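Notes for the one structure printed next.
The values are calculated or read from the model by the stated rules, or taken from the named source; none is laboratory data. These numbers were taken from a predicted model, which means no experiment stands behind them. Positions of Cβ are backbone-derived with ideal geometry, glycine not excepted, and every protein chain shown enters the neighbour counts. All accessible areas refer to the heavy atoms of the entire protein, side chains included, with ligands and DNA or RNA removed. Shrake-Rupley method; radii C 1.70, N 1.55, O 1.52, S 1.80 Å.
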Amino acid sequence: MPPRVNTAQRRLLKEYQQLTKDCPEGIVAGPVSEDNLFVWDCLIEGPKDTPYENGVFPARLTFPTDYPLSPPKLVFTPSILHPNIYANGEVCISILHPPGEDPLQYERPEERWSPVQNVEKILLSVMSMLSEPNVESGANIDACVLWRDNREEFERRVRADVRKSLGL
Amino acid sequence: MSSFVPTVSDPSDFAHCSEPRLVEFDSLLRCHICKEYQTAPVLTTCGHSYCSVCIRKYLIHTAKCPICSKEIREANLQRNVLLEQVVICFKTLRDDLLEKLTVESKVDDRQRRGSCEVIEIDDNVEVDDELEIVSETKKRRNVGQGGLESLFKRKKTPPKVGPLGTCPICAKQFPIRVLESEHIDLCLNTPLLEQDKDSIVPKESEHSYQKLTKLDFSSLSNTTLKQKLAKLELPTNGNRNQLESRYNEYLILWNANCDSIVPKDPKVLRRQLAQWESSLKFRKDDHDRQLDKKGWSDLIKQARNSKMKTREEQDDAQVESIDIMSTNEEDDSNLITSAQPQNCSIQASTQESTDHERVFAD
């Protein structure tokens, strides 16, 4: 039986269609299978002039059933070393957080999730997150410390991740 | 390409026609939440417009405007009648416009390549863009045709809009495409007296639908709640949670429908409600694994209770929902295959992926 096509699925179809027509450079994304539009695979290219350069990082987007009212979740598989990515690969940036949730008041409401955002904007934010980590609200404390105190070692380990991501 | 565009229409459909600026116009008429053309649009106190259903659902979630994050309240939403008329009008014209502008741009291509067969097709030009007309004049003069005079003639003749058909309801003539895609629906939904003789857009009509009020469930017994649902001709099976969320969903559908200038029949709303409920069942199957222990035992308890009480009722309801599903199954699978333009598995390298995009662009 095909899944019911509801608001969330229609919107995901539209976003998918738009991304296939006109996709920003360095990003590929689409549903894993047509039976389930709520799980997408993405490939994100490491931005130039960063230690992530030349890397191609796979990630998985999981959409809630009430998308776009609630934001999706983005997990790098495997995880990569970055101050704003948890050890389990989950990305922690403001655009993925609903406006109500911000116990520490780090994020301005206009930077957070609202139905006006979309997959493309999320992935672009992730690319800019890769080039400019935000250690103020870090997710991976070890990575934050390493980034702040020993940038050389941080970049060396990231480049090792990049080589791994390319299967070298 | 054209086989899937009409099913999941998108502003970028205009990107390759002779007036790509229509992409922006098209996207302005869409709701920021569902990305469809706005249905029964409402205006917030901060001046933004959304489908009534979409924003009502979002406000339950977060009481802020999705665009500017100002605090807004459901009670302050106002109908946006003019926008709804503009949307209906544009939706009606869209396919024709798209077709013509695409034909036109093909003609322009041929013109650039120096072909002379252009003049006959020129008469199909519909958009009164001054720049266009000036350039056309030049071309005409170059070819040695009637010049300005013929231009004036062309302007006076009404634009050709394809074969005409007669609407079975209001007996007026419309292009068949418009008739099939939009007009008959509109005509069925609008009282005859309200229709303007020459207009595709229905006038704002006074309908008799009254908005429903929110219920204070804590002070309602099961029986009263069921009576309320029955009064609205809604199913009364299921547990307390199901009854409450059924009422709440219908409340949104109903109140949003009241914001439209062409409100749908309550029957249509009840069908939407049934679809919503069956999509909920589907989701539940999908997310069973994520339930924790407490969730499981609660569910088992619920299931036992409700099954004992309402086995027969549920059987009836199932027959009904299967009915609805079978009618929509084909649409759904069309929609999905159509959004899957080609073999779209994610490519292993970005180089390959850019090639892939190019294939799509073609």
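In the context of the full set of protein chains, the stretch A:1-72 has a per residue accessible area of 35 Å² (1.4 Å probe). Backbone amide hydrogens, once placed in the peptide plane, bring A:PHE57 within less than 5 Å of A:ILE44, A:GLU45, A:GLY46, excluding anything fewer than 5 places away on its chain. Among the protein heavy atoms, those of B:LYS214 account for about 140 Å² of accessible surface (1.4 Å probe, every chain in place).
By its C-alpha gyration tensor, with a ≥ b ≥ c as the square roots of the eigenvalues, how is the stretch A:7-165 shaped: rounded for a/c under 1.5, else prolate for a/b larger than b/c, else oblate? Cα axes put the stretch A:7-165 in the oblate bin. The heavy atoms of A:THR62 present about 60 square angstrom of accessible area, all protein chains included, probe 1.4 Å.
B:GLU233 contributes an accessible area of around 120 Å² to the protein surface, as traced by a 1.4 Å probe with all chains present. Since only A:THR65, A:LEU37, A:SER79 are under comparison, the one whose Cα sits farthest along the positive direction of the charge dipole of the stretch A:1-86, derived from C-beta charges on Lys, Arg, Asp and Glu, is A:THR65. Relative to the Cα centre, the charge distribution of chain A, modelled as +1 at Lys and Arg Cβ and -1 at Asp and Glu Cβ, gives a dipole magnitude of about 400 debye. Could you tell me which of the pairs A:LYS14/B:LYS91; B:LYS57/B:LYS228; A:LYS73/B:LYS64 are separated by over 19 angstrom between their Cα atoms in the structure shown? Over 19 Å Cα-Cα: B:LYS57/B:LYS228; A:LYS73/B:LYS64.
FRET efficiency for the pair B:ASN305 and B:THR213, taken as 1/(1 + (r/R0)^6) with r the Cβ-Cβ distance and R0 = 22 Å, rounds to 0.15. Solvent-accessible area lost on pairing A with B (1.4 Å probe, both sides summed) amounts to about 4200 Å².
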